[in-house]
Amino acid sequence: MATAVSSNMSTDNNSSTPEGGEVDTVYNELLNFLKATRADLRKAAADATLATLVSSSSSSSSDDDGADEATSTAINNEAAQRLTTLNAIHPLCRIASTLSPDHGSISALAALSVLSSHDLVGNQSIEDFLDAKGVGRMLEIALSSPPTPVSTAASVSALASDNKEEPSKVAEEWKVWRQQVNYACALLANATRTERGAIDFIGLSFPDEAVPSNLSRKTDESKEEEEKEADDDNVGASAYGKRETKPTATLLLSRFLNPSFIDTSSLAHDRAVASMSAKTGMDDLEEYDSDDDNNLDDESNNNELEPQKMDPMSEEYYDPYQHVAAVIMNIAQLDTGREFLLRLIHSSKKSSDNKKLDSIDEEKKDNNTQSTSHLQSLLPQLTSPNLHRRQGIAGTLKNCCFSRDSIWWLLNIVQMDKSLLLTLAGPEELSIDEKVGLDPDYWLLGPQKVREPDSLVRLYVTEALLLLLASGRRARETLRERRTYVIIKLADMVEENEEVSERMLECVQYLRRDEDGTEEGSSDKRAYEKYAKGLLESNAAKNKGLKALPMSTSCDAGEEEDYDNID
């Protein structure tokens, strides 16, 4: 699951800290100030709450070029536990809903994000957050109107970067709005980690046609029994069936996919682009120096299988809707969430009475070009420079592969395997035999092709491929025909994470084995024959004739070798 805030826990012990009953008095007074009627008192209390939860410390490291300062954030465990026990979530939610920085909304949102992602009190904080109707409140903030039209966001950001000493009022308003939306989406990501939170999000944001009406399909007796169970539990599959639904999920997705909201002139965006462009894989092995092992602890490790975390005191709000990717991944764990993402959307087209279609085939072709799904619109996010987006969408694709009824559609219409394998493809040079039957997009960039640098994204992608291979024989034959093994083999050769490498080995076992009831080596032979047949049919259709098929040296007549000449 996605976690939207850092969890480096430490407790600060100072001699001046109150003890015993004085501590209870301090936190009780803080809670009373959070509930005060005066806006200035609520703002001061929200700022004090955040300062109590989070403490920042800076350390400097000097080199030949100068000194660089690094800021680390520590979470006060005792403060988090006491605030959760006193149920500070409810007043913080009310302050966050004001949408005014003068009332302490940003500090309240930051404090809520800390509590909801805490290792010790996170689950209880999320329960209190859901009791306070926090999902609905955060959706309102996430879908609030920006200070100026979206089309002017880029120009405002450019002017702000040129005049950093005296930013304009509009630039400051955009900065505050991005912060609020970023925290709201992070809270939605934390809340949807639980089943109840995901159900609340579905019930409040999905359109009517995306929510199955299970109650209408049952008899009156089953209705009464289900209503009683829902009243007792207040949680369950039927809970969202009673809620009034709204089409806000589609609006949230549209904003997530709109690049105009991203501040491309910020330094954080530049760092994200530079990190994504860093060479990995074979280049790392060639430039490896054993003397650098002592410095590994000081550098960021991309091989840790942990979600990207947001420091509540940092400036990573340049992309306000980055955490929506984690929300989508979380709701995709439910059947209803997957149905929403996989459901086809038919765009409306104006038609006139005089319009005539030339043929039925042309009509079918026209209809196919207008059909799409939310999942297909999310695929390009796998190449986003933002790590939050890549991790969330990779996890979403993995969760969608659990829908076994949609495997054929995912492979043949969406071609999900290509999007997954492009993240694993690297700059390695392929032989002629390896290129036979392989999509050119995997190797046309040559040395400029960059393999996904984050291990968690590679893990999600590999597990998605593993689910596709385990879904059935037809899916395995399709992936063999598309030479999936070539990409996985090269990726596994440079993979440094053991867990990712184990998943790749499982994929290889599915791809290399022969199906039950078939002869030895029949899987490779069948895959090459299918590719050859498809190539001939394609040439016949395009050129009205047949062209010679390039011969593979690893599949000569009378030999029983593998098509890629590797055991």
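Overview of results
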quantity	calculated
FRET efficiency, 1/(1 + (r/R0)^6) with R0 45 Å, evaluated for Asp441 and Val170 via beta carbons	0.60
Cα radius of gyration and Dmax for the stretch 396-501 (Å)	13.4, 38
Computed E for Leu251/Thr518 - FRET, C-beta separation, R0 35 angstrom, nearest 0.05	0.10
Over 26 Å between alpha carbons, listed pairs Lys418/Lys449; Lys175/Lys449; Lys449/Lys489; Lys133/Lys398	Lys175/Lys449; Lys133/Lys398
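FYI, it's all coordinate maths here, none of it is from the lab. Source: prediction; values computed, not measured. Every residue, glycine among them, receives a Cβ derived from its backbone with ideal geometry; neighbour counts consider all protein chains shown.
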